[in-house]
Amino acid sequence: MTLDLASKIRDIPDFPVPGILFKDITTLLQDGAAFHDVVDRLYAQVCDLEIDAVVGMESRGFIFAAPLAYRLGVGFVPVRKLGKLPGETVTVEYELEYGANTLEIHRDSIAPGQRVLVVDDLLATGGTVGATLDLIGQLGGIVVAAAFLIELGALGGRGRLDGYRTISLITY
């Protein structure tokens, strides 16, 4: 059974800063059937691809990337904020909708030529996914697709993914 996932997400105005309408997925995550449906739908979109690893971005991307990696039978690679990974890392700075940030990945987490699926909860302006693509490229990985629960279409993040298979379950 396919659920209306959008109805499981609530809007929080002015979070984390004034002017931002935050899409709160915690209400979806609390619903076991909806969470299961998200993972199943994402899996159905990528199960035909040759994937060696799933990369998830901190922190909500982990929520969907880890069970998807499990379903695909491949490893999960976290992309974290600066200073959170203990080993040798590669870093990149990028702009957010409301500020700047730095992401990092373990230098030994992706081997050159590995085929990678990138997963996050939300595609907005594309800053986070763009930085993640840069990190994967620095390691020699090949991005085969990027998958999201939510896409905020008016913010144009999909433009940063030209040339990549891009999957969004809900578009606002």
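Read phi for every residue in region 139-144 and hand back ³J(HN,Hα) as whole Hz from Karplus 6.51 cos²θ - 1.76 cosθ + 1.60, θ = phi - 60°, with x for Gly and Pro.
With coefficients 6.51, -1.76 and 1.60, one gets 8, x, x, 10, 7, 9 Hz.
Set the Förster radius R0 to 35 Å, insert the Cβ-Cβ distance between Asp14 and Ala100 as r into 1/(1 + (r/R0)^6), and round the FRET efficiency to 0.05. Numbers along the way, then the final one.
Numbers: r = 20 Å, r/R0 = 0.58.
Efficiency computed from Cβ-Cβ geometry: 0.95.
Which of the lysines could be linked to Lys8 by a straight reach, that is with a Cα gap under 20 Å, when you skip same-chain ones fewer than 8 residues away?
Lys23
Just add up the charged neighbours of Arg80: K/R +1, D/E -1, any other residue whose Cβ is under 11 Å from the Cβ of Arg80.
0
Once amide H atoms are placed 1.01 Å from N in the peptide plane, what residues at a sequence separation of 5 or more from Arg115, or on another chain, have their amide H within under 5 Å of its amide H?
Asp52, Ala53, Ile142
Rounded to whole Å and ordered largest first, report the semi-axes of the equivalent ellipsoid of region 1-62 derived from its Cα gyration tensor (root of 5λ). All intermediate terms of the calculation are to be shown ahead of the outcome.
Details: eigenvalues 129, 57, 17 Å².
Largest first, region 1-62 gives 25, 17, 9 Å.
List the relative contact order of the chain as a percent without decimals, with contacts defined as Cα pairs under 8 Å and 6+ residues apart.
Once normalised by length, the contact order is 18 percent.
Quick one: longest stretch of the chain between exposed loop trypsin sites (Lys or Arg not before Pro), exposed meaning at most 14 other C-beta atoms within 10 Å and loop per DSSP?
For trypsin sites (Lys or Arg not before Pro) (loop position, at most 14 other Cβ atoms within 10 Å), the longest site-free span of the chain is 1-83.
For region 1-127, what does the alpha-carbon gyration tensor say about shape, rounded, prolate or oblate, given a ≥ b ≥ c as the root eigenvalues, a/c under 1.5 as rounded, and a/b over b/c as prolate?
Oblate.
Hey, what number do you get for the chain at 222 nm if only DSSP H runs of n ≥ 4 count, each worth -39500 (n - 2.57), divided across all residues, to the nearest 500?
So the helix-based figure for the chain works out to -7500 deg cm²/dmol.
Where in the chain are the DSSP H helices whose C-alpha atoms run 18 Å or more along the long axis and whose mean Kyte hydropathy is at least -1.0?
Going by DSSP H runs, the hits are 32-46, 60-72.
Between Ile20 and residues 5 or more places away or on another chain, which pairs have amide H atoms under 5 Å apart, with H built 1.01 Å from N, and which residues are they?
Asp14, Phe15
At 0.36 nm per residue, and after removing the present C-alpha to C-alpha distance, how many nm does the segment from Leu82 to Ala33 gain when stretched out fully?
Length gained between Leu82 and Ala33: 14.2 nm.
Bear in mind these aren't lab numbers, they're just calculated from the coordinates by the rules spelled out. Keep in mind it's a predicted model, so treat the numbers as computed, not measured. All Cβ positions, glycine included, derive from the backbone under ideal geometry; neighbour counts span all protein chains shown.
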